[in-house]
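Worksheet for the structure shown next.
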Amino acid sequence: MTQTQPLSDSPTFATRSRTVEWVSPGQTDLSKIAGLDGLAQLQATVAGELPRPPIMDTLDFEDFRPEAGRVVVTMRAQEFHYNPLGSVHGGVLSSLLDTAAACAVHSTLAPGEGYTSLDLNVKFLRPVTLDSGLLTCEGTVIQRGRRTALAQAEVKDEAGKLVAHATSSCMIFTG
């Protein structure tokens, strides 16, 4: 059995901090949204009538623009998104892609319908770093049925280069 010895000359690392605030989930009066379709729910969030989902504040999503069957979300690549190799973590990009694809499906819901993601298939096409700047993710519905929907999303960097793509299947339900 080998024992790991601490490095005697361990470097001192510079640190940064970040404070995140969000509205605690569960505070929304569900009767307010019960009669709204999915697009109206998303528009109410943009208008500040409903709270933003905490993940949007955690990852620092900036702009959120819903339309019927389409959603655009932006996020600036930042250090706190980084993995140990010095680029934006794939999980952060996956969260951005999932948000855009799933919210595109959300925008098609009738009053009383809900949905959940069944899968997310992601392709990373190039590294994303601070130099990538503002990331724009567009999600669109490819096909919407009674019980399932297929959506796609793509992330482009500030120069307009495609950096990641995803497809997502969502299950639609009532109640």
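What follows is calculated from the coordinates using simple rules that are stated; it is not laboratory data. All values derive from a computational prediction rather than experimental measurement. Cβ sites come from the backbone with ideal geometry, for glycine too, and all protein chains shown count toward neighbours.
Side notes on the structure shown:
- Largest mean-square fluctuation among LEU125, LEU162, LEU134, in a Gaussian network model of the chain whose springs join Cα atoms under 10 Å apart, belongs to LEU125.
- Options [x] 30, 23, 17; [y] 63, 23, 11; [z] 34, 19, 16 - which one matches semi-axes √(5λ) of the Cα gyration tensor in Å as calculated here: [z]
- Residues of the range 86-102 with an amide N closer than 17 Å to a point placed 7 Å from the Cα of ARG16 along the Cα-to-Cβ direction: 86-90, 92-93.
- A Förster radius of 25 Å combined with the Cβ-Cβ distance from LEU162 to SER117 puts the calculated FRET efficiency at roughly 0.70.
- Cβ-Cβ FRET estimate between TYR82 and ALA47, R0 fixed at 35 Å, reported to 0.05: 0.60
- A Gaussian network model of the chain, with springs between Cα atoms under 10 Å, assigns the largest mean-square fluctuation among LEU97, LEU118, LEU39 to LEU118.
- Relative exposure of VAL88, VAL46, judged by other C-beta atoms within 10 Å (fewest first): VAL46, VAL88
- Longest site-free stretch - the chain; sites: trypsin sites (Lys or Arg not before Pro), DSSP loop, at most 14 other Cβ within 10 Å: 19-145
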